[in-house]
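First up is the structure itself, then whatever we jot down about it.
The values are calculated or read from the model by the stated rules, or taken from the named source; none is laboratory data. Just so it is clear, the model here is predicted, and its values are computed rather than measured. All Cβ positions, even for glycine, are placed from backbone atoms using ideal geometry, and neighbour counts span all protein chains on display. SASA here: full protein model, heavy atoms, side chains in, ligands and nucleic acids out. Shrake-Rupley method; radii C 1.70, N 1.55, O 1.52, S 1.80 Å.
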Amino acid sequence: MTWHKFFDLGPLSSHPHNLFYAYAAVWILQGGYVAWIAKNWLATSKARR
Amino acid sequence: MQLETPSRSVVPRVAAAAWFAVALVVLAIGFRQAIFLVPTEATMGNVQRIFYYHLPHAILGMVFPYVNCAASLAFLYWRRRDPWKALGADALAVASAEVTVIFVTIGLLTGSLWAKPAWGIWWAWDARTTTYLILWMLYVSYLIARKFSGGNDEGHTLAAVISVFAAIDVPISFMAIRWWRTQHPAPVFGGDGSLDASFYPAVWWNIAGWALWGFLVLGLRYSLERRRQRIQEEAALEAIEASLEITQ
Amino acid sequence: MNYLRQVTRHLLKDLQLEWRSRDAINGMLFFSLLVVVVFSIAFDPTGNPTTTRQISGGILWIALLFASVTTLNQSWAREVRNSVLDAQRMVPAPPSALFLGKALANLAFVTVVELVIAPLFVIFFNVHALGNGWMLTAIMPLGTWALVVNGTFFAALGLRAKNRELLLPLLLFPISVPAILSMVNATTDVLTGDVDPIQPYFWIKLLAAYDIIFTTVCLLLFETILHAE
């Protein structure tokens, strides 16, 4: 498998590209949660001072 | 009570940063293995590679509930004995519940994206999927109940009790759903027990990577909750001191 | 035996209070009747007798589940009025006796509702058991207890939370999934009678195990709930 094939989305109805959607969803959710923690961390820093 | 001043020590921060770097490196290796190096599966083609991200999340989604249960039991034990330790256990409980929900959500989502090309349907009510849905519901309802019952000690106690109920419920619903599904025809699906050895590198690197990531996120969320608790305690202490000054 | 007397005392008190007002039973009766009628409008019971037979077990339990949720919240509201619950906290009797009495009273109320609703089911949906009908005498009490014991516990847990009317179903439904699965499947198996007659036994056993486990957990943890703050 190549990068080209990984990002080649094609029409939405073709399921081979579910691979890309799955990997993207994982990183969006995990990254989003870490970003949310970071945001709250900074907010508590501000509350402290 | 003498509260320690917020730790300015750099050791935890450096450790967290190092852990983060290691997790990212392992995940990068896992990604490379899963996408480029491991041979393409014969019947499913490239879509089968979803499995390498799906499996670690599904496994870890079953691990964090135990952390949640253990932390809740520790909270109930320390509640009357050592309030500050009890608060720590509560912070671990809320962190592990949130991480559980994240991992199980991803497990369900990637499973669904895999099911469509594999079985032709997004959602088959088979034993494993249904069990994970129940698991997801239990911990979402735990988090909602936490929110409803307020952030005080009473709310923490109620949440800990709910967590014990949830932990007991998981194996029972697992058995019930197994029996339910073996009685009715279910879509036939390949057992992932029989995995060819050539796929192992992708599986193991990804399990290791996501475990490192998961426990790091758990630690970060825990320290965030701890930080909030410390700020609250300080504010309460200052309020008490201020009220003492007025009465003098 | 002392414990038993305390449980009976709590149970009799609740039964007496209910006998005076009959709010809970009347409310549940009418509510479950409404659910049954709404379901029979949603699909055509006379046109599809086979489908009706297959799903009427599920409808019966859904009606009872919804009806009992409406009442369980109220069962503790009584104790909150005039600070009765604060008095209960101070009595030397074990808190689990209070819980057990309350749960048994709720079991009695829901059982009365079942006794009225079951004949209505036979009339409206034209069902009768094709399997071993007597098995229902085991399934109904076990299933009702599974709903009531956890329901009573979570209603007490949600007493001081905001949105407690919403909190009860939110907690009760996911926890009850194994119980609902067993009671609905057992009832459906008995009603349709087209599976081998041993099969309902599995579900009854599972339901009994669920009842025993969660009754124990509720009794152990009720004191924590009562003295939560």
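Summary of computed values
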| quantity | calculated |
| --- | --- |
| Set C:13/C:205; B:147/C:13; B:116/B:147; C:102/C:205 screened for pairs whose C-alpha atoms are more than 27 Å apart | C:13/C:205; B:147/C:13; B:116/B:147 |
| Charge dipole (debye, nearest 20) of segment C:119-229; +1 at Cβ of Lys and Arg, -1 at Cβ of Asp and Glu | 280 |
| Tail weight of P(r) past 18 Å, computed on alpha-carbon pairs of segment C:1-127, percent | 58 |
| For the protein assembly as shown, size of Cβ-based charge dipole, Lys and Arg +1, Asp and Glu -1, in debye | 900 |
| MRE, 222 nm, helices only [DSSP H, n ≥ 4, -39500 (n - 2.57), over chain B, to nearest 500] | -27500 deg cm²/dmol |
| Share of alpha-carbon pairs per 5 Å distance bin for chain B, given as whole % | 1, 6, 11, 14, 15, 14, 13, 10, 7, 5, 3, 2, 1, 1, 0, 0, 0 |
| Nearest-10 value in Å² for the accessible area of residue B:174, using the 1.4 Å probe | 80 |
| Gaussian network model of chain B, springs between alpha carbon atoms under 10 Å - residue of B:117, B:56, B:12 with greatest fluctuation | B:12 |
| Mean-position separation - Cα centroids, segment C:70-108 and segment C:154-216, in angstrom | 22 |
| Debye, to nearest 20: dipole size of chain B, +1 on Lys, Arg Cβ, -1 on Asp, Glu Cβ | 400 |
| Virtual paramagnetic centre 7 Å along Cα→Cβ of residue A:24, amide N under 13 Å, in segment B:55-92 | none |
| Hydrodynamic radius by Kirkwood, which averages 1/r over all alpha carbon pairs of segment C:119-229, in angstrom | 15.4 |
| Charge dipole of segment C:93-229 about the Cα centre (unit charges at C-beta), most positive-ward option of C:217, C:159, C:97 | C:159 |
| Scattering curve values for the protein assembly as shown, log₁₀ I(q)/I(0), Debye with Cα scatterers, q = 0.09, 0.10 Å⁻¹ | -0.80, -0.95 |
| For segment C:122-174, alpha-carbon Rg relative to the globular expectation (2.2 N^0.38 Å, N residues) | 1.62 |
| Residue C:165 - accessible surface, heavy atoms, 1.4 Å probe, Å² rounded to 10 | 100 |
| At q = 0.07, 0.08, 0.11, 0.14 Å⁻¹, base-10 log of I(q)/I(0) for segment C:2-226 (Debye sum, equal scatterers on each alpha carbon) | -0.23, -0.30, -0.56, -0.88 |
| List A:2, B:43, ordered by accessible area with a 1.4 Å probe, largest first | B:43, A:2 |
